[in-house]
Amino acid sequence: MASGDLWFFERFARPYELLSPVAEARPLQAGLAHARRPVERVVDVAGGTGRAVRALDVPERVVVDAAAGMLREVPPEVGAVRGDASRLPVRDESADAVLIVDALHHLPRARNVLAEAYRVLRPGGVLVVREFDRRTLRGRLVERVEHLVGFESTFYSANSLATGLAEAGFSARVTDHGFDCTVVGVKPGSP
């Protein structure tokens, strides 16, 4: 996470948890449906308080985040690990799915983050990225507000996210267009 963004998530974890809307389960579940293997372990990268992974009913859910303040807000039924998204503290091929929800724009080395997601996924596993599409009016507004606050955010379009996933080795596709876009990448190979 960019240093300009981390301060906010360290200091305002409690209000963030209280005021943030619940993650939409439908697009996340639809993304997981692209996996070519059973989804039993999900890693939520830069997942903050775990609001995205908590929307899913899977046996093992783990949040990895750089902000200790955010991880203190993760409920006990979800695993919480402090770590850098561009060097995940997760074993190779140990996850069936990786989520990056409303967070990739905060991460300064997006290519490394996508490569790490690829590394930790088992063959046939799926990466689900939910982001604000900068090509929409609301996306451009969020981008401006975040820059005014002092965030070092880099926003993407749905198509540029799909290209980034493909460059990381995934079979990628955009499954939801619009302000809240979803891009899904499947790691090649069979379970």
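General remarks:
- Against the list (1) at pLDDT below 90; (2) in contact with a Ser or Thr (Cβ under 7 Å, 6 or more places away or on another chain); (3) surrounded by fewer than 17 Cβ atoms within 10 Å (Cβ to Cβ); (4) not hydroxyl-bearing (Ser, Thr, Tyr), the condition ALA30 fails is (1).
- If the condition is being hydroxyl-bearing (Ser, Thr, Tyr) and within 20 Å of TYR118 (Cβ to Cβ), then the range 155-191 contributes TYR156, SER160, THR163, SER171, THR175, THR182, SER190.
- Scanning the range 36-49 for residues that are modelled with pLDDT under 95 and more than 10 Å from the chain's Cα centre (by Cα) gives a single hit, THR49.
- Within the range 131-160, tally of residues that are closer than 19 Å to GLY31 by Cβ, not polar (S, T, N, Q) and not in a helix (DSSP H, G or I): 4
- Any pair with Cβ under 9 angstrom, 6 or more apart, that starts in the range 162-188 at a residue that is closer than 17 Å to ASP133 by Cβ and free of Cβ contacts under 8 Å to residues at least 60 places away in the same chain and ends at one that is among the acidic types (Asp, Glu) and not in a loop (DSSP other than H, G, I, E, B): CYS181/GLU131; VAL183/GLU131; VAL183/ASP176
- Residue that is in contact (Cβ under 8 Å) with a residue 40 or more places away in the chain and surrounded by fewer than 16 Cβ atoms within 10 Å (Cβ to Cβ), where the choices are VAL113, VAL149: VAL149
- Selection from the range 30-47 of residues that are in contact with a Leu (Cβ under 8 Å, 6 or more places away or on another chain) and free of Cβ contacts under 8 Å to residues at least 60 places away in the same chain: VAL42, ASP44, GLY47
- Of all residues in the range 80-106 being touching a Pro at 6+ places or on another chain (Cβ under 9 Å), outside any loop (DSSP other than H, G, I, E, B) and not hydrophobic (A, V, I, L, M, F, W, C), the one that is modelled with the highest pLDDT: ASP96
- Test: residue in the range 120-128 that is buried (at least 22 other Cβ atoms within 10 Å of the Cβ), part of a helix (DSSP H, G or I) and modelled with pLDDT of 85 or more: yes
- Just one of the listed residues (ARG144, ARG134, ARG140) is in contact with an Asp or Glu (Cβ under 6 Å, 6 or more places away or on another chain), of a type in the set (D, E, K, R) and modelled with pLDDT under 95, namely ARG134.
The values are calculated or read from the model by the stated rules, or taken from the named source; none is laboratory data. Computed from a predicted structure; not experimentally measured. So basically every Cβ, Gly included, is an ideal-geometry build from the backbone, and we count neighbours across all protein chains shown.
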